[in-house]
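Student: A single structure is presented below for examination.
No lab work stands behind these numbers, since they all come straight from the coordinates. The model shown is predicted, which means the values in this text are computed figures rather than measured ones. When we count neighbours, we look across all protein chains shown, and the Cβ atoms used for this are built from the backbone with ideal geometry, even at glycine.
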2 protein chains.
Amino acid sequence: MIKVGIVAYGIIPFTRDEQKIESILLKSAKNLFDNNPEINRDDIDAILVSTNNNSKYLAPILSEMVGIQPKIAHSIESLCNSGTNSIVSAYSYIASGLADMILISGAERNDSPGQILEWDNSRGEFKHPIFWASIFTKSYKRKFSISDEQLAMVSVKNHKQAKENPNALSQKTFTIRDVMNSKKLTDDIRMLDCSRPCTGSASILLASEKMAKKITDSSVWITGIGQKTTSAGFTKNTSFSSMESTKIAGYAALKMANHNIREIDVVEVHDAFSVCEPMALESLGFSKSGGGTSMIKELYETNNFKINPRGGLIGSGHPFGATGIAQTIEITQQLQSKAKNRQVDNAKIGLVHNMSAAATSSTVLILEK
Amino acid sequence: MIKVGIVAYGIIPFTRDEQKIESILLKSAKNLFDNNPEINRDDIDAILVSTNNNSKYLAPILSEMVGIQPKIAHSIESLCNSGTNSIVSAYSYIASGLADMILISGAERNDSPGQILEWDNSRGEFKHPIFWASIFTKSYKRKFSISDEQLAMVSVKNHKQAKENPNALSQKTFTIRDVMNSKKLTDDIRMLDCSRPCTGSASILLASEKMAKKITDSSVWITGIGQKTTSAGFTKNTSFSSMESTKIAGYAALKMANHNIREIDVVEVHDAFSVCEPMALESLGFSKSGGGTSMIKELYETNNFKINPRGGLIGSGHPFGATGIAQTIEITQQLQSKAKNRQVDNAKIGLVHNMSAAATSSTVLILEK
């Protein structure tokens with residue numbers, strides 16, 4: 001099969017600003033081209049836009065704005081993991097031979113319509129994501145005898161790491177006491193346990209091995225892909241203390257890459273809420289069930305940025321359509337040893353975990369230098 | 001490369017009814033499964049939804065409704081050619097080996113938000129599609145000395161053919177006089193020159209050769225694919241009397257399939273307005289420039305259903321996200337000799353042409369038995 005590599009990327013600071021979706025998309029694409037003047041735009045034969053925004057025809061619009069006339073141009077939506085869905089779609093266009101080089105641009109505004117899944121009546125009146133997160137948190141705490149303070153460490157760690165990420169929404173650090181004292185939204189969730197929707201954009205350029213080698217000698221390769229949708233409705237989840245779609249996607253990605261979880265050096269997991277980080281780590285196999293928070297505490301205390309080096313969704317902000325792409329850019333920078341103060345030592349193999357709607361669907365990617 | 005075949009399809013009558021988008025999607029998928037009980041749903045590893053609807057997470061929702069837990073699930077939007085963009089994406093997943101069998105369901109409501117491209121300020125206040133169609137019509141008539149009556153024949157032919165299509169929105173026939181006497185919307189466009197947005201859904205199942213052969217011995221194969229986006233804004237078109245994106249996509253699709261245009265037996269072209277049919281036929285190479293209307297008249301007079309046998313968009317209605325899939329189903333039925341009163345004699349090779357936004361983007365598919 002044709003190898004597919006990440007050859008360039010562009011990203012802008014995540015904010016709470018009001019901007020047009022077309023402008024935000026253009027900004028990260030422009031950042032990509034500004035940083036990589038050696039790229040011939042005529043070689044780009046597909047543009048995919050990842051977003052929950054309701055504007056139509058955004059991929060041809062972006063194409064026109066950046067001066068490209070691609071073969072393939074369309075938008076992709078799957079709530080919070082639209083970004084990695086778009087990356088996998090681009091992978092398949094290249095691996096099948098239909099395209100050689102593809103620009104994927106993800107963008108969202110802070111008023112994204114993807115915040116509430118209206119269809120899911122299994123949630124009753126409690127349609128805001130904090131309600132499924134609250135049930136996950138209660139269930140996880142009860143099953144593994146975990147305290148609110150242990151979960152608060154996720155937010156403390158990720159805010160600390162976000163401070164080293166110039167594009168992160170948050171640039172503040174917090175103590176466990178700060179998290180515990182932040183506004184209580186439900187019995188089990190406090191304000192600082194939540195990632196925040198925001199305005200942001202991230203772009204990434206994928207290419208076939210042949211094309212990639214013309215552009216750079218530091219491509220990062222996508223060697224493993226796993227995806228799974230178990231349901232759309234929250235209450236169809238068979239567990240509220242682990243992520244079934246993540247387990248299946250993680251297993252498939254590692255199998256495809258021919259690696260085991262102990263070989264992974266650096267990881268982006270989808271910490272939409274504090275509880276999601278240990279649950280995702282456990283479902284991926286980094287820790288035994290219920291052991292995620294101990295692992296997180298140890299990493300924090302040893303100043304090890306292995307998990308969510310850019311600050312995760314909690315520290316970086318969560319512009320839905322851009323999140324999976326921003327996660328993939330972070331792992332790419334880590335494997336290229338370009339992550340500056342966030343750099344994880346000797347990072348050779350990385351993993352991206354991106355999910356939607358109470359982990360009813362997940363994507364896992366394995367990246368290698 | 002892995003061969004990709006169409007192994008099943010489902011479609012519902014196109015109407016002006018008010019229905020929930022989730023219900024419409026489910027109906028054509030259910031029709032597909034009802035008509036093909038031999039399909040094991042567990043073998044379906046991706047579900048793609050083609051729509052302009054603003055509802056989110058529709059692919060996982062459809063997955064849950066039909067009882068499938070796919071690997072890949074997301075929505076695709078590219079205005080009026082979302083359907084064929086989805087088919088090509090599915091093709092690439094299968095050809096790359098990431099999936100073996102994919103359900104693609106397209107659906108739209110008659111109040112689709114894809115009717116107006118708000119972004120395109122090059123249209124000034126004239127954002128409704130009838131305005132670009134009006135400029136196309138004026139330009140085409142002037143350049144090739146074509147009369148309103150000659151263009152009206154497109155509508156006469158397509159309404160006649162739609163009468164043999166049980167799923168068509170229109171079941172009436174009209175004379176050239178009827179078209180000429182229908183409400184004048186602009187200097188050059190009358191009501192019966194227009195396709196109408198409507199409520200509709202169409203589903204298609206694609207499979208790898210290995211999987212296809214387990215299910216049916218009458219698969220139709222996708223042997224040629226061409227896609228091109230020249231711009232998003234209407235006024236960037238370099239011609240208003242031909243379709244540049246269609247020329248490029250058509251050439252690429254025929255080249256990939258190793259055929260020439262004279263070998264094509266049956267054709268679906270995107271007749272959003274009367275003028276689009278001769279323009280598309282000319283841009284695809286079926287006729288010399290300006291010769292499309294003569295070809296259409298001759299086919300009508302000899303009762304030859306070769307062009308738009310199901311009645312085109314003008315006769316069938318135009319539920320944007322479903323249109324490209326419905327077109328592909330029609331050609332599949334023709335190649336399988338299952339098109340009943342619409343059947344074109346000895347149809348061995350077919351072509352689908354689907355486009356968006358004043359032909360600023362086009363997809364062309366070549367299908368073979």
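Student: GNM on chain A, C-alpha springs below 10 Å: top fluctuator among A:215, A:21, A:102?
Tutor: Taking springs between Cα atoms under 10 Å, the residue moving most is A:215.
Student: Over chain B, what is the relative contact order in whole percent, taking alpha-carbon pairs under 8 Å and six or more residues apart?
Tutor: Working: 910 pairs, mean separation 94.5, N = 369.
Answer for chain B is 26 percent.
Student: Next up: When you look at the Cβ of every residue in B:240-249, what mean number of other chain Cβ atoms sits within 10 Å?
Tutor: Working: counts 0, 0, 0, 0, 1, 3, 0, 0, 2, 1.
Mean partner-chain Cβ count within 10 Å for B:240-249: 1.
Student: When we measure straight from the Cα of residue A:213, which lysines land under 17 angstrom away, once same-chain ones fewer than 8 places off are left out?
Tutor: Of all the lysines, those that pass the test against residue A:213 - Cα under 17 Å, at least 8 places apart if same chain - are A:3, A:369.
Student: Same structure again: Which one of A:170, A:294, A:208 has the biggest mean-square fluctuation once chain A is modelled by GNM with Cα springs under 10 Å?
Tutor: Among A:170, A:294, A:208, the largest GNM mean-square fluctuation belongs to A:294.
Student: Residues with beta-carbon under 13 Å from that of residue B:82, excluding residue B:82: net charge, scoring Lys, Arg +1 and Asp, Glu -1? Display every interim value, and only then the final one.
Tutor: Values: positive: A:56; negative: A:77, B:77, B:108.
With Lys, Arg at +1 and Asp, Glu at -1, the net is -2.
Student: Can you flag which of B:20/B:228; A:138/B:30; B:214/B:338 are past 27 Å Cα-Cα? Walk me through the numbers on the way to the answer.
Tutor: Numbers: B:20/B:228 32 Å; A:138/B:30 38 Å; B:214/B:338 21 Å.
Those over the limit are B:20/B:228; A:138/B:30.
Student: What does the average come to when, for each residue of peptide B:84-93, you count the partner chain Cβ atoms lying within 10 Å of its Cβ? Please list the in-between numbers first.
Tutor: Numbers: counts 1, 6, 1, 0, 6, 8, 1, 4, 13, 7.
Neighbouring Cβ atoms belonging to other protein chains average 5 per residue here.
Student: Quick one: what are the phi-derived ³J(HN,Hα) couplings along segment A:304-317, Karplus 6.51/-1.76/1.60 with θ = phi - 60°, whole Hz, x for glycine and proline?
Tutor: Ordered by residue, 3J(HN,Hα) equals 9, 8, 3, 9, 6, x, 7, x, x, 6, 5, x, 7, x Hz.
Student: Residue-wise, which Karplus ³J(HN,Hα) couplings in Hz belong to segment B:207-213, taking 6.51 cos²θ - 1.76 cosθ + 1.60, θ = phi - 60°, and x for glycine or proline?
Tutor: Values per residue, Gly and Pro as x: 8, 5, 4, 4, 5, 4, 5 Hz.
Student: What list of ³J(HN,Hα) couplings, whole Hz, do you get for segment A:226-243 from phi and the Karplus terms 6.51, -1.76, 1.60, once you set θ to phi - 60° and write x for glycine and proline?
Tutor: Running phi through 6.51 cos²θ - 1.76 cosθ + 1.60 with θ = phi - 60° gives x, 9, 7, 10, 9, 5, 10, x, 4, 6, 7, 4, 7, 9, 10, 10, 8, 10 Hz.
Student: Toward the positive end of the charge dipole of segment A:102-240, about the Cα centre and with charges on Cβ (Lys, Arg +1; Asp, Glu -1), which of A:107, A:128, A:212 goes farthest?
Tutor: A:212
Student: Also, quick follow-up: Can you check what the net charge comes to around residue B:272, using other residues whose Cβ is under 13 Å from the Cβ of residue B:272 (Lys, Arg +1; Asp, Glu -1)? If you can, show how the numbers build up before the last one.
Tutor: Values: positive: B:196; negative: B:193, B:268, B:271, B:277.
Within the 13 Å Cβ shell, the charges total -3.
Student: Testing the spin-label approximation: label points 7 Å from Cα along Cα→Cβ at residue A:54 and residue A:262. State their distance in nm.
Tutor: Label at residue A:54, label at residue A:262, 5.2 nm between them.
Student: Please say if segment B:114-184 is rounded, prolate or oblate, where rounded means a/c under 1.5 for a ≥ b ≥ c the square roots of the C-alpha gyration tensor eigenvalues, and otherwise the choice is prolate for a/b larger than b/c and oblate otherwise? Kindly include the intermediate steps, with their values, before the conclusion.
Tutor: Working: a/c = 2.66, a/b = 1.39, b/c = 1.91.
Taking the square roots of the gyration eigenvalues as a ≥ b ≥ c, segment B:114-184 is oblate.
Student: State whether segment B:51-172 is rounded, prolate or oblate according to the following rule on the C-alpha gyration tensor (a ≥ b ≥ c being the square roots of its eigenvalues): a/c under 1.5 gives rounded; otherwise a/b larger than b/c gives prolate, and the remaining case gives oblate. If you can, show how the numbers build up before the last one.
Tutor: Details: a/c = 2.26, a/b = 1.77, b/c = 1.28.
Prolate is the answer for segment B:51-172, as a/c is 1.5 or above and a/b outweighs b/c.
Student: Give the long-range amide H neighbours of residue B:225: residues separated by 5 or more places, or on another chain, with amide H under 5 Å away, using H modelled in the peptide plane at 1.01 Å from N.
Tutor: B:256, B:257, B:366
Student: Give the cross-link partners of residue A:184 among the aspartates and glutamates, using a straight C-alpha distance below 18 Å as the criterion and excluding same-chain residues fewer than 8 apart.
Tutor: Straight-line reach from residue A:184, under 18 Å: A:148, A:149, A:193.
Student: OK, next. For chain B, with a Gaussian network of springs between Cα atoms less than 10 Å apart, report the residue from B:335, B:185, B:284 with the top mean-square fluctuation.
Tutor: Highest fluctuation of the listed residues: B:185.
Student: How much mean residue ellipticity at 222 nm does chain B get from its helices, if each DSSP H run of length 4 or more adds -39500 (n - 2.57) and you divide by all residues, to the nearest 500 deg cm²/dmol?
Tutor: Values: 12 runs with 136 residues, N = 369.
When only DSSP H runs of four or more count, the value is -11500 deg cm²/dmol.
Student: So which aspartates and glutamates can residue A:71 reach, going by Cα to Cα under 18 Å and dropping same-chain residues fewer than 8 places off?
Tutor: A:42, A:43, A:45, A:100, B:77, B:244
Student: Taking a ≥ b ≥ c as the square roots of the eigenvalues of the Cα gyration tensor of the protein assembly as shown, is the shape rounded (a/c under 1.5), prolate (a/b larger than b/c) or oblate?
Tutor: Note, shape of the protein assembly as shown comes out prolate.
Student: Here is a further query. Need the C-alpha centroid separation for segment B:99-137 versus segment A:256-327, integer Å.
Tutor: Centre-to-centre distance over Cα atoms comes out at 41 Å.
Student: Right, something else. Please state the charge dipole magnitude for chain B, taken about the Cα centre, from unit charges on C-beta atoms (+1 on K and R, -1 on D and E), reported in debye and rounded to the nearest 20.
Tutor: Working: 41 positive and 37 negative charges, 119 e Å.
With only Lys, Arg, Asp and Glu charged at Cβ, the dipole is about 580 debye.
Student: Which parts of segment A:141-171 would a label at residue A:297 reach, counting a residue when its backbone N lies under 13 Å from a point 7 Å out along Cα-to-Cβ?
Tutor: Taking a point 7 Å out along Cα→Cβ of residue A:297, the residues of segment A:141-171 whose backbone N falls under 13 Å are A:145-154.
Student: In addition: May I ask you to order B:121-130, B:238-247, B:44-53 by the average number of other C-beta atoms within 10 Å around their residues, highest value first? Don't skip to the answer; put the middle values down first.
Tutor: On the way: B:121-130: 15.2, B:238-247: 21.6, B:44-53: 28.4.
The most tightly packed comes first, giving B:44-53, B:238-247, B:121-130.
Student: Then there's this: Going through the DSSP H helices of chain B, which span 18 Å or more along their own axis at the Cα atoms while scoring at least -0.5 as a mean Kyte-Doolittle hydropathy? Please list the in-between numbers first.
Tutor: Details: long enough: B:21-35 (22 Å, 0.11); B:82-95 (19 Å, 0.46); B:129-144 (22 Å, -0.19); B:148-162 (21 Å, -0.77); B:244-257 (20 Å, 0.21); B:320-335 (24 Å, 0.42).
For chain B, where a helix must reach 18 Å along its axis and average at least -0.5, the hits are B:21-35, B:82-95, B:129-144, B:244-257, B:320-335.
Student: Would you please give the residues with an amide H less than 5 Å from that of residue B:347, counting only those at least 5 places away or on a separate chain, with H modeled from the backbone geometry?
Tutor: HN-HN under 5 Å from residue B:347: empty list.
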